[in-house]
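Shown next, in structure tokens, is the structure this report addresses.
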Amino acid sequence: MPETRPVHQPIQQCRACLYDSRHPFGLTFDDTGLCSGCATHAEKTSLDWDQRLEQLARLLRPYKGRKGNYDCVIPIRGTPEYFKVLDIVKNQLGLNPLLVEFNSHFNSTAGIENLDLIRDTFDCDIFLKTMSPPIYKKLMRETLSRFGSVHWPYLAGHTVWPVRVAVQHNIPLVIWPLHQPTEQAGMF
């Protein structure tokens with residue numbers, strides 16, 4: 001019997017964002033060459049955001065004021081959009097979150113200062129996970145050769161670390177302000 005080899009698909013590139021089919025989270029492409037991540041972003045302009053906030057408030061009621069120190073876990077970074085997220089979660093929805101941050105080892109001074117400012121502004125505790133730099137460098141080299149991305153270890157850690165903290169501290173809810181796989185690759 002002759003040996004069969006897998007047929008390799010040609011690399012596709014999105015006509016809008018230029019991500020390609022080697023993306024570590026996987027992308028699909030429509031007939032026009034638009035990737036699933038860009039299609040997900042386009043949906044955001046047609047949503048009724050006030051209605052979505054009301055829907056979110058209803059979903060979160062059972063978690064509000066629960067026994068224990070925290071109502072939810074929120075993965076954060078030191079970028080400005082997290083101030084908006086915390087304003088909604090703390091001030092509009094009334095939850096007491098535990099913030100978690102997975103260190104990317106590429107933090108800017110402004111990002112580090114923003115983490116302190118977020119903690120102080122919203123009176124929240126932050127758990128920070130920092131991997132050993134030599135191990136992190138090995139992971140980056142490996143994922144660069146496998147997936148074409150040095151950011152894969154951060155993306156994986158930023159996705160797994162909040163869930164691990166929630167499980168360890170018996171916090172039944174994780175609120176993802178920005179869920180990297182969905183934001184970059186789409187929901188499907």
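GNM remark for the chain: springs join alpha carbons under 10 Å apart, and the peak mean-square fluctuation among Pro75, Pro134, Pro97 falls on Pro134.
Charge dipole of the chain (Cα centre as origin; +1 on each Lys and Arg Cβ, -1 on each Asp and Glu Cβ, all else neutral): 560 debye, rounded to the nearest 20.
How high is the FRET efficiency from Glu113 to Ala57, r the C-beta distance, R0 35 Å, rounded to 0.05? Intermediate values should be presented prior to the final figure.
Details: r = 31 Å, r/R0 = 0.89.
The formula returns an efficiency of 0.65 here.
How about region 79-145: which chymotrypsin sites (Phe, Trp or Tyr not before Pro) there lie in a loop by DSSP and see at most 15 other Cβ atoms within 10 Å?
Values: sites: Tyr82, Phe83, Phe102, Phe106, Phe122, Phe127, Tyr136; in loops: Phe106.
Filter output for region 79-145: Phe106.
So how tilted is helix 109-122 from the main axis of the chain? Cα-based, degrees 0 to 90, rounded to 10. It is inclined by approximately 40 degrees.
Heavy-atom accessible area, probed at 1.4 angstrom with all protein chains present, ranks Asp20, Asp50 as Asp50, Asp20, highest first. Rounded to the nearest 10 degrees, the angle from helix 49-60 to the longest Cα principal axis of the chain is 70 degrees. Solvent-accessible area per residue in the chain equals 64 Å², computed with a 1.4 angstrom probe and all protein chains kept. Spin-label model, Asp125/Lys84: points 7 Å from Cα along the beta carbon direction are separated by 2.9 nm.
When the square roots of the Cα gyration tensor eigenvalues are ordered a ≥ b ≥ c, the ratio a/c for region 67-112 is 1.5 or more and a/b does not exceed b/c, which makes its shape oblate. Full extension of the chain between Arg22 and Val160 gives 47.5 nm of extra length, using 0.36 nm per residue less the Cα-Cα distance.
The values are calculated or read from the model by the stated rules, or taken from the named source; none is laboratory data. Bear in mind that the values here come from a model prediction, so they are computed numbers and not experimental data. Virtual Cβ from ideal backbone geometry, glycine too; neighbours counted across all protein chains shown. The protein model used for the area step is the full one, side chains on, heavy atoms only, and it has no ligands, DNA or RNA in it. Shrake-Rupley method; radii C 1.70, N 1.55, O 1.52, S 1.80 Å.
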